[in-house]
1. Can you find even one residue in segment 72-88 that is among the hydrophobic types (A, V, I, L, M, F, W, C) and part of a strand (DSSP E or B)?
2. Restrict the check to segment 293-304 and report whether at least one residue is modelled with pLDDT under 95, in the same structural domain as LEU163 (by TED's automatic domain parsing) and among the small types (Gly, Ala, Ser).
3. Identify, please: which residue in segment 226-251 is of a type in the set (Gly, Ala, Ser) and modelled with pLDDT of 95 or more and is, among those, farthest from ALA106 (Cα to Cα)?
4. For the structure I just gave you, tell me whether PRO142 is assigned to a loop (DSSP other than H, G, I, E, B), surrounded by 14 or more Cβ atoms within 10 Å (Cβ to Cβ) and in contact with a strand residue (DSSP E or B) (Cβ under 7 Å, 6 or more places away or on another chain).
5. Applying the selection to segment 290-316, what residues are in contact with a helix residue (DSSP H, G or I) (Cβ under 7 Å, 6 or more places away or on another chain) and surrounded by 14 or more Cβ atoms within 10 Å (Cβ to Cβ)?
6. Report whether or not SER65 is hydroxyl-bearing (Ser, Thr, Tyr) and assigned by TED's automatic domain parsing to the domain that holds LEU231.
7. Hey, among the residues in segment 182-208 that are in contact (Cβ under 8 Å) with a residue 40 or more places away in the chain and among the charged types (D, E, K, R), which one's nearest to GLY138 (Cα to Cα)?
Amino acid sequence: MPGVREARPYDGLTPDVVLDALDSAGLRGDGRLLALNSFENRVYQVSLEDGGSVVAKFYRPQRWSDAQILEEHAFALELAAREIPVVAPLALAARTLHTHAGFRFAAYPRCGGRPPELEDESVLEWIGRFLARIHGVGAAAPFHQRPALDIDSFGVEPRDWLLAHDCLPPDLRQAWESVADQAIDGVRDAWQRAGTVQPIRLHGDCHAGNILWTEADARRDDRGGPHFVDLDDARSGPAVQDLWMLLPGDRATAEKCLRALLRGYEQLHAFDRRELLLLEALRTLRLLHYAYWIARRWDDPAFPAAFPWFGTQRYWQDRILELREQVPAMQEPPLAC
């Protein structure tokens, strides 16, 4: 991609390095590795000699500081200590963050499960109750190291970087820049209409792919239900950020699903209905940030393989259309619930 040149961060992460890293933390693998779906980090299911298995996450270099990773770990451990079903890192030799061969990594218990059935209102209520518990803990204290989800980092910076690095076809650059400016103005207007919104510690990337659903198992004293994984994008922000990605696209169904989520949520934690004014604004910020994220990672071989259409004429035409649709969507009344 023109103008985008970043190091290939995982060239040295061979299977031997993965196994040696875990061995250095006291986990001896039996040689079997299964790469799991992850683009930002490298994640493996590792079978151990004792018959068990763990999930090892190798963090993308230079994305987070050690302090930011440890704050994410502390949040996950705080939630787990309250018996909230979040998969938290293992403390090995009294540490959750380890380093080997220049890579930082953490190990997690393996947690199976299937995607939640989000069309089932009882499932949404159940998820809503646990999100309320997560947010109750998240509201009790702030992050000090993790960044906030804000307009500058998710809107202005992506726009400016994509333009500065000539990521768009020349004939579409002006159209995209114009609609991106309109979209960012619309996001600012939505925040003003919502008024003062209290930021809390969030999961940050709460979509169906980061929720594993398990069935009850009396033999393991497991009541089943949702298990939240991957707090890698944990940030401070409005509570609605952890709700909107669970909603479908069409308005009528989204309102029905939102009502179910909030029925569960508001049993345990108050929800500020003004935050619903931010729902489409948050979607807009995610659209802007997503293109920026792919472009920033383009020299990682996993990205061209996964997104072969990125950067094409058709790709940017579709992004322009998306943002054009978001501009009036941010002016519509909030979802009724």
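The values are calculated or read from the model by the stated rules, or taken from the named source; none is laboratory data. Everything quoted here is computed from the prediction, not taken from an experiment. Virtual Cβ from ideal backbone geometry, glycine too; neighbours counted across all protein chains shown.
1. As a first pass, look at segment 72-88 and keep what is among the hydrophobic types (A, V, I, L, M, F, W, C): 74-77, 79-81, 84, 86-88.
Narrowing the set further to residues that are part of a strand (DSSP E or B) leaves 86.
Yes, because at least one residue in segment 72-88 is among the hydrophobic types (A, V, I, L, M, F, W, C) and part of a strand (DSSP E or B).
2. yes
3. Applying the first criterion (of a type in the set (Gly, Ala, Ser)) to segment 226-251 yields 234, 236-237, 239, 249.
When the remaining residues are screened for being modelled with pLDDT of 95 or more, the result is 234, 236-237, 239.
Numbers: ALA234: 16, SER236: 22, GLY237: 25, ALA239: 27 Å.
Going through the qualifying residues, I end up with ALA239.
4. no
5. Answer for segment 290-316, where residues must be in contact with a helix residue (DSSP H, G or I) (Cβ under 7 Å, 6 or more places away or on another chain) and surrounded by 14 or more Cβ atoms within 10 Å (Cβ to Cβ): ALA291, TYR292, ILE294, ALA295, ARG297, TRP298, PHE303, PHE307, PHE310, TRP316.
6. Working: hydroxyl-bearing (Ser, Thr, Tyr): yes; assigned by TED's automatic domain parsing to the domain that holds LEU231: no.
For SER65, the condition - hydroxyl-bearing (Ser, Thr, Tyr) and assigned by TED's automatic domain parsing to the domain that holds LEU231 - is not met.
7. Within segment 182-208, the first condition is being in contact (Cβ under 8 Å) with a residue 40 or more places away in the chain, and the residues that meet it are 182-184, 186-187, 189-191, 193-195, 197-206, 208.
After this cut, where a residue has to be among the charged types (D, E, K, R) as well, the list is 189, 193, 201, 205.
Numbers: ASP189: 26, ARG193: 24, ARG201: 4, ASP205: 14 Å.
Filtering segment 182-208 for residues that are in contact (Cβ under 8 Å) with a residue 40 or more places away in the chain and among the charged types (D, E, K, R), the one nearest to GLY138 (Cα to Cα) comes out as ARG201.
Here's the yes/no breakdown for (1) closer than 22 Å to ILE151 by Cβ; (2) of a type in the set (D, E, K, R); (3) assigned by TED's automatic domain parsing to the domain that holds ARG173:
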position: GLU266; (1), (2), (3): no, yes, yes
position: LEU278; (1), (2), (3): yes, no, yes
position: ALA281; (1), (2), (3): yes, no, yes
position: LEU288; (1), (2), (3): yes, no, yes
position: ALA306; (1), (2), (3): no, no, yes
